[in-house]
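Below: the structure, in C-alpha cells.
The values are calculated or read from the model by the stated rules, or taken from the named source; none is laboratory data. None of these values were measured; they are calculated from a predicted model. Every residue, glycine as well, gets a Cβ built from its backbone with ideal geometry; the counts of neighbours run over all protein chains shown.
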Amino acid sequence: MFHGRRVAAIIAAAGKGSRMGSDIPKQFLKLGGEPVMIKSIRTFENMDAVDYIFIVAGKDYLDHCRQLVEDYGFTKVESIVTGGDQRQDSVFNALQEMNRLKPGVEFVLIHDAARPFISEEVVENVLSETAGTGAAVACVAMKNSVRKIGDGGSEYVNRDDYVSVQTPQGFRKSLLINAYEKAYDDSFYGTDDASIVERAGERIAIVDGDYSNIKITTREDLPMENRVGTGFDVHRLTEGRKLILGGVEIPWDRGLDGHSDADVVIHALMDALLGAAAMGDIGVHFPDDDPRYEGADSSLLLREVIKKLDGEFYKVANVDITIMAQSPKLQPYIPQMRRVIAGCLEVSPERVSVKATTTERLGFIGREEGIACQAAASIYR
C-alpha cells in the first residue's frame, strides 16, 4: 500500500530481442544462474509499496512465464498477459487486464524485463514523484558527446540539454489510459510510455536513475561472468586401435579403447568446459551407447561443445591440460595438440596449455595399462 493507494507494476517481457542474436528472447537468458526477467520482477515483488505485478509475455512464452513465476514463488503476480505486435500494444493489453482484475489501482509502474539491475531506491523515487505530479520517469545524464544527424551531415548539440531515459516509468493510471486511448485514436505509436503521455499534454517529471540500471540489448550488455571447471578421463590401452591424443595421431603399437576415438585429452577438456558452464558432462551430450558416436572424432565433438557454450554466450579464456602416460614420449606432439585444440576452441594457441607427465611407473598408468588426463578450463560470459 502506497499512502493508502494501490500500486501495480507492469513488467514488459514480450520483446523478441533480435539484436541479442539468441534463439530465445534476452529476458529469458540466464544471468548469474537465473533468467534476466526474474531479477527484474524480484525488485518489485520485494517492495512493500507495490501491491500487484502484471507480466506481459509473447504468446510462445506464456507457459514458460507461468512456470517461472511458480518456481520462484512470486506472490504478487496477478496475471501473465499476452503481448501485442509492438511494446505499446503489450502495455495496453496489461492495462486492460489490470482494469478487469484490479480496478482500484491508482498508480502504474512500467518496467522493462530486460533491466535486471533496477534498485528499490530508484523505484521508490519514481513512485514518490508520480504521486505528486502524475507522471515520472527515471533518467541519467548523458556521458558521451551527442551529435544530431541530418540530411546534410551532423551537428553538435549540448549533451547537458539531454538525458538518457530508463524504466521504471510511473503514471497515474487514469492519466495513462487516457493517453493510450488518444494515441490509438490518432494512430500514434510512441517509443516509450512517457512519449505517449506527453503527447496527450501531460508534463513528465524527471527522477534520477542509476547508471547500473542498464537494458540488456546486445551480448556486450551482459556483465562479465567468469567460471572455472575441471575434467578427468581415463581409457585402457589395447592393441588394434590408433592412439589419438589432443586430436593428434601418435605413432605407437597400441591405442585407447572406447566408443569413440577414445581421445582422453579431448574428453577431459570437454568435461571441464561443460562443467564450468554447469551443462552436465559428455555422457549427457554424447552417450557412449549412441551409435552416432561410435568411432567419432572427438575433435568434432569438442567443436559441438563450443557451439553449446556459445549458445549460452560463453567464451573460452584458457585451458590447462595434463596428460598422464608412462609412454610413449609425448613432448614432440604437444605443439600440434595445442594448435588442434586451439582451432576447436576458436582461440589462439597461447590460451592452450598441454603438459605430459609419467607416474614414475606407479599404478595402471605406470604399468602402461592405460592413459589418463586432467583438464581445467576457464570460461567467461
inquiry  = Criterion first (within 25 Å of ARG5 (Cα to Cα) and more than 25 Å from the chain's Cα centre (by Cα)) does ASP112 satisfy it?
reply    = no
ask   = Of (1) more than 24 Å from the chain's Cα centre (by Cα); (2) buried (at least 17 other Cβ atoms within 10 Å of the Cβ); (3) of a type outside the set (Val, Ile, Thr), GLN166 satisfies all except one. Which?
value = (1)
query = What do you reckon, is ILE53 in a strand (DSSP E or B) and touching a helix residue (DSSP H, G or I) at 6+ places or on another chain (Cβ under 8 Å)?
reply = yes
inquiry  = Looking at the stretch 128-135, can you tell me whether even one residue there is more than 30 Å from the chain's Cα centre (by Cα), at positive phi and modelled with pLDDT of 95 or more?
reply    = yes
ask   = assigned by TED's automatic domain parsing to the domain that holds MET98, under 21 Å from ARG100 (Cβ atoms) and modelled with pLDDT under 95: does that describe GLY33?
value = no
remark   = Reported set for the stretch 189-247 where residues are among the small types (Gly, Ala, Ser) and exposed (fewer than 14 other Cβ atoms within 10 Å of the Cβ) is GLY201, SER212, GLY240
task = Just give me the residues in the stretch 334-350 being of a type outside the set (Val, Ile, Thr) and surrounded by 21 or more Cβ atoms within 10 Å (Cβ to Cβ), in sequence order.
result = MET337, ARG338, CYS344, LEU345
task = Can you give me the number of residues within the stretch 228-271 that are of a type in the set (Ser, Thr, Tyr) and more than 18 Å from LEU302 (Cα to Cα)?
result = 1
task = Report whether or not GLU304 is under 25 Å from the mean Cα position of the chain (by Cα), of a type in the set (D, E, K, R) and at pLDDT below 90.
result = no
query = (1) under 34 Å from the mean Cα position of the chain (by Cα); (2) assigned to a strand (DSSP E or B); (3) without any contact (Cβ under 8 Å) to a residue 40 or more places away in the chain: which one isn't true of GLU249, the others all being true?
reply = (1)
Of all residues making up the stretch 137-182, the number that are closer than 20 Å to ILE214 by Cβ and of a type in the set (A, V, I, L, M) = 8
inquiry  = Could you go through the stretch 179-194 and let me know if any residue there is assigned by TED's automatic domain parsing to the domain that holds ALA136 and in contact with a Gly (Cβ under 6 Å, 6 or more places away or on another chain).
reply    = no
task = Please enumerate the residues belonging to the stretch 62-87 that are surrounded by fewer than 21 Cβ atoms within 10 Å (Cβ to Cβ) and outside any loop (DSSP other than H, G, I, E, B).
result = LEU62, ASP63, HIS64, ARG66, GLN67, VAL69, GLU70, ASP71, GLU78, SER79, THR82, ARG87
Yes/no for ASP271 being in a helix (DSSP H, G or I), under 27 Å from the mean Cα position of the chain (by Cα) and free of Cβ contacts under 8 Å to residues at least 24 places away in the same chain = no
key: Residue list for the stretch 34-72, filter: closer than 17 Å to ARG6 by Cα and in contact with a Phe, Trp or Tyr (Cβ under 6 Å, 6 or more places away or on another chain)   = GLU45, ALA49, VAL50, ILE53
request  = Assess whether GLY343 counts as being part of a helix (DSSP H, G or I), out of contact with any Phe, Trp or Tyr (no Cβ under 8 Å at 6 or more places or on another chain) and without any contact (Cβ under 8 Å) to a residue 60 or more places away in the chain.
outcome  = yes
